[in-house]
Amino acid sequence: MVVLAASIVSKSGKVLLSRQFVDMTRIRIEGLLAAFPKLVGTGKQHTYVETENVRYVYQPIEALYLLLVTNKQSNILEDLETLRLLSKLVTEYSYSLDEEGIGKTAFELIFAFDEVICLGHKENVTVAQVKQYCEMESHEEKLHKLVLQSKINETKDVMKRKASEIDKSKIDKNRSDKGGFMSMGSGRIETSFSELSISSSGSGFGSGSGFGGITTDIDAFSTKPKGRQPSAATAPPKGFGMQLGKSQKTNQFLESLKAEGELIVEDLQPKVGQSRVAAAPPTDPITLTAEEKLNVTLKRDGGISNFDVQGTLSLQILNQEDGLIQVQIETGGNPGILFKTHPNMNKELFSNDNILGLKDPNRPFPTGPAGDAAGVGLLKWRMQSADESMVPLSINCWPSVSGNETYVSIEYEASAMFDLRNVVISVPLPALREAPNVRQIDGEWRYDSRNSILEWSILLIDNSNRSSGSMEFVVPPADSSVFFPISVRFSATSLYSDLKVVNIIPLRGGATPKFSQRTNLSTENYQVV
């Protein structure tokens with residue numbers, strides 16, 4: 001028995017997974033798998049097909065085929081036994097027997113196939129043995145992880161101790177500067193200053209009026225070296241109380257943590273007159289939100305691999321009496337966009353009049369609180385294209401090695417369709433000891449040393465800078481593939497669908513209720529590979 005390859009293909013002929021066990025070219029295996037769907041007949045009971053050179057032994061698994069490609073001299077009974085064992089492994093490792101499930105567990109399935117077939121011959125193993133072999137633990141790996149975790153824990157303990165020492169030194173310094181506070185009164189204060197934040201609301205500590213003006217606010221900041229949320233207390237009167245300012249030693253310690261990539265939240269004191277009230281939620285009784293998510297994969301040498309736009313229209317109603325309504329919309333008339341209504345919507349009403357209403361007109365739309373931004377989904381749409389002119393932002397990256405340095409030039413070109421906001425272009429870099437040398441940039445840059453990523457930020461791309469923008473930087477010698485994939489994030493207030501809410505129709509009659517519309521285009525996965 002010689003098994004040439006074990007594969008999983010869809011019934012349309014798409015190859016999801018293939019493992020070859022003998023030396024064969026890619027062209028040959030692709031040709032063999034491409035010929036298989038044409039050879040499979042319908043209504044036949046047997047599950048093998050023979051050609052002049054090979055034999056296909058297959059088994060349907062829902063919408064897929066599990067396929068063995070063998071030579072004609074192979075024992076078909078052993079092939080069928082191998083096929084049955086592989087089918088058990090597929091159902092064991094893949095949580096769903098479709099393209100998505102097979103794609104997510106492809107490597108696990110390949111490893112399992114390797115345990116069953118070696119050099120084209122079946123091994124005498126069971127499903128339990130294959131699982132045991134694939135999940136075999138390494139003592140060296142476990143020991144390495146334990147040592148690494150112990151170092152991480154030790155570093156965290158050192159950070160906590162350093163932060164606690166800094167806090168105590170600040171308190172001791174302020175105590176000595178204020179003087180005489182601990183000698184006041186007849187009792188002893190046992191409360192630790194690292195656990196209490198003490199502020200004065202009266203005439204001060206040394207005025208002889210006792211402790212009536214002192215309030216304590218529990219705040220265990222000694223256990224949070226990375227920062228805490230700003231205190232909600234008002235600022236003390238000028239010249240009174242105890243002020244815990246940052247010393248130079250504290251700043252040096254925090255700067256060293258920032259250089260290592262740690263996120264440091266500074267202790268901020270609210271300024272006098274600064275608003276502390278969060279932005280109020282929208283007060284309009286009806287809010288409609290149209291949102292589109294962009295999934296784009298561009299090729300580094302030009303061209304487009306994937307362009308997919310998925311949009312949703314959601315409805316948020318604050319008051320229950322406004323629930324009996326219908327929504328009339330307008331679309332841009334793009335034939336490439338496919339709209340799909342919610343199952344509870346009246347599809348004929350939408351197809352004929354572009355009106356979104358429930359099948360039961362006596363049933364109101366659900367209402368939700370003002371803080372619930374999700375709302376009720378009314379409509380979904382999707383657009384796919386291979387037209388490169390539809391891409392809102394194109395990125396060109398040109399790395400070149402010269403001597404002991406690599407010069408990287410990156411430029412963008414934006415489409416006239418959208419004004420892009422908060423644009424962030426993330427370029428992966430090789431492991432560096434220090435930040436790259438950025439020689440020219442349109443915008444701002446930031447280097448993430450922990451993940452070795454250079455982030456190029458542009459606040460707004462509009463007509464003033466739409467034609468082009470560039471960044472140039474220098475790093476040590478590196479292969480050009482290191483700088484890919486480049487990830488992009490941005491948002492816009494326009495949509496590909498040009499969807500607009502024209503009117504809100506009250507079913508009980510009366511005046512049209514007040515409503516607002518929000519539109520947002522954002523990236524979900526936008527890469528240059």
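The values are calculated or read from the model by the stated rules, or taken from the named source; none is laboratory data. Here the structure is a predicted model, which is why all the values come from computation and not from measurement. Here Cβ is always computed from backbone atoms with ideal geometry, including for glycine, and neighbour counts include all displayed protein chains. Surface areas here come from the heavy atoms of the whole protein model, side chains and all, with no ligands, DNA or RNA. Shrake-Rupley method; radii C 1.70, N 1.55, O 1.52, S 1.80 Å.
Of note:
- The Cα atoms of segment 437-529 give a gyration tensor whose axes a ≥ b ≥ c have a/c of 1.5 or more with a/b greater than b/c, which makes the shape prolate.
- Carbon/sulfur fraction of accessible area - segment 391-475, other protein chains in place, 1.4 Å, %: 43
- Which of TRP445, TRP381 is most accessible, then next, and so on - probe 1.4 Å: TRP445, TRP381
- The order of GLU405, GLU434, GLU330 by accessible area, most exposed first and with a 1.4 Å probe, is GLU434, GLU330, GLU405.
- Dipole magnitude of segment 293-416, debye to nearest 20 (Cβ charges: Lys/Arg +1, Asp/Glu -1, about Cα centre): 420
- Database remark: amide H of TYR526 closer than 5 angstrom to the amide H of VAL296, VAL488 (H placed geometrically; neighbours at sequence offset of 5 or more, or on other chains; Pro and chain starts carry no H).
- Inter-label distance for VAL158 and ASN451, nm, one decimal - labels placed 7 Å from Cα along Cα-to-Cβ: 2.6
- Ranked by the mean number of other Cβ atoms within 10 Å per residue, highest first, peptides 338-350, 489-501 order as 489-501, 338-350.
- Here segment 46-170 is described by how far its Cα atoms reach on the three principal axes: 86, 30, 24 Å, from widest to narrowest.
- Here the Karplus curve 6.51 cos²θ - 1.76 cosθ + 1.60, taken at θ = phi - 60°, turns the phi angles of segment 506-512 into couplings of x, 7, 8, x, x, 6, 5 Hz, with x standing for Gly and Pro.
- Cα-based shape type of segment 345-404, given that a ≥ b ≥ c are square roots of the gyration tensor eigenvalues and the cut on a/c is 1.5: oblate
- Derived scalar couplings ³J(HN,Hα) [segment 376-384; Karplus, 6.51 cos²θ - 1.76 cosθ + 1.60; whole Hz; x for Gly, Pro]: 10, x, 10, 8, 10, 8, 8, 9, 10
- Which listed pairs, of LYS299/LYS340; LYS11/LYS38; LYS293/LYS380; LYS14/LYS340, have C-alpha distances above 19 Å, in listed order: LYS299/LYS340; LYS14/LYS340
- Full extension of the segment from ASP308 to GLU405, taken as 0.36 nm per residue of separation minus the current Cα-Cα distance, would add 31.1 nm.
- Gyration tensor (alpha-carbon) shape descriptor, segment 1-43, a/c threshold 1.5: prolate
- Between segment 469-529 and segment 363-428, the alpha-carbon centres lie 5 Å apart.
- Counting charges near PHE339 (Lys, Arg +1; Asp, Glu -1) among other residues having Cβ under 9 Å from its Cβ returns a value of +3.
- Förster radius 51 Å - calculated FRET efficiency between GLU135 and ASN344 (Cβ-Cβ, nearest 0.05): 0.65
- Counting DSSP beta bridges with both ends in segment 307-386, the antiparallel % (nearest 5): 100
- Ordering LEU64, LEU460 by accessible surface, largest first, gives LEU460, LEU64; the 1.4 Å probe counts only protein heavy atoms, with every chain in place.
- What a 1.4 Å probe finds exposed on segment 319-384 is 45% carbon and sulfur by accessible area, rounded to a whole percent.
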